[in-house]
Amino acid sequence: MAAAKGGAQPTRYSISAEATQRELRLCGFALLNHYLAMHQVIAEHVGLQPLEVLILIATTTGNVQRALRGEAPPQALRGSKALPPDMAVPISRRAIARITGLPTETVRRHVQGMVRDGILVSTRKGVPAPTRLNEPWAHAATLRLIESHVACTEKLLALQAISPETSTAANRVRA
């Protein structure tokens, strides 16, 4: 179950395993189209090859994974300011390989090029991704990513693979 803020009240969504099974191909297409759209937006704005986009996503997410484990994201994650140095935990090349399923040597080679191009930073403890949210393209790219997510969500709603819960049903689930 996921929760999304819609006005003052959060809207909770439930997943229908039955509808997903019934519409498996169309659900899969919706999700894959969303993934490809995300990939295209990031590649287009950062100028990376497909493997490098995957490495960048794994690195960026891995850098803040500890902070995201809590119930509410820390205030430092909000907005577009650079993260405090202690909040962005470098991720090892081996961990990137494990997360992405790429061979370690492939990750090492691509990370080396991405460091050379200023996309990533190399430290003794691993690889952090520098904050790029203040770059001119970041806001427009984020809006395009959200639009893609909304389109995917609308498609899954139309297929009844996900559905909003009523407030009483949501209260029962939480109780």
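The values are calculated or read from the model by the stated rules, or taken from the named source; none is laboratory data. Keep in mind that this is a model prediction, so the values were computed, not measured. So basically every Cβ, Gly included, is an ideal-geometry build from the backbone, and we count neighbours across all protein chains shown.
Worth pointing out:
- Whichever residue in the range 115-126 is part of a loop (DSSP other than H, G, I, E, B) and either on the phi < 0 side of the Ramachandran plot or in contact with a helix residue (DSSP H, G or I) (Cβ under 8 Å, 6 or more places away or on another chain) (or both) and, among such residues, is surrounded by the fewest Cβ atoms within 10 Å (Cβ to Cβ): 124
- Test: residue in the range 91-111 that is assigned to a loop (DSSP other than H, G, I, E, B) and at pLDDT below 85: no
- Scan of the range 127-142 for residues that are among the β-branched types (Val, Ile, Thr) and either over 18 Å from residue 59 (Cβ atoms) or not in a strand (DSSP E or B) (or both), ordered by number: 131, 142
- Taking the listed residues 31, 68, the one that is among the aliphatic types (A, V, I, L, M), surrounded by fewer than 14 Cβ atoms within 10 Å (Cβ to Cβ) and touching a helix residue (DSSP H, G or I) at 6+ places or on another chain (Cβ under 9 Å) is 68, with no other qualifying.
- Residue in the range 143-163 that is surrounded by the most Cβ atoms within 10 Å (Cβ to Cβ), counting only those that are assigned to a helix (DSSP H, G or I) and touching a residue at least 40 places away in the same chain (Cβ under 8 Å): 156
- Taking the range 58-75 as the range and being of a type in the set (A, V, I, L, M) and modelled with pLDDT of 90 or more as the test, only 58 passes.
- When each of 156, 120 is tested for being farther than 26 Å from residue 27 by Cβ, touching a strand residue (DSSP E or B) at 6+ places or on another chain (Cβ under 9 Å), among the hydrophobic types (A, V, I, L, M, F, W, C) and at pLDDT 85 or above, the lone residue that passes is 120.
- Consider the range 95-117 and keep the residues that are in contact (Cβ under 8 Å) with a residue 24 or more places away in the chain and farther than 30 Å from residue 29 by Cα. The one that is farthest from the chain's Cα centre (by Cα) is 113.
- Among the candidates 37, 76, the residue that is free of Cβ contacts under 8 Å to residues at least 12 places away in the same chain, under 28 Å from residue 135 (Cα atoms) and either aromatic (Phe, Trp, Tyr) or surrounded by 15 or more Cβ atoms within 10 Å (Cβ to Cβ) (or both) is uniquely 76.
- Only listed residue being within 18 Å of residue 39 (Cα to Cα), of a type outside the set (S, T, N, Q), surrounded by 14 or more Cβ atoms within 10 Å (Cβ to Cβ) and modelled with pLDDT under 95, chosen from 140, 129: 129
- Among residues of the range 81-93 that are within 16 Å of residue 134 (Cβ to Cβ), those with a Cβ under 6 angstrom from a residue that is assigned to a loop (DSSP other than H, G, I, E, B), sequence gap 6+ or separate chain, pair up as 82/131; 88/128.
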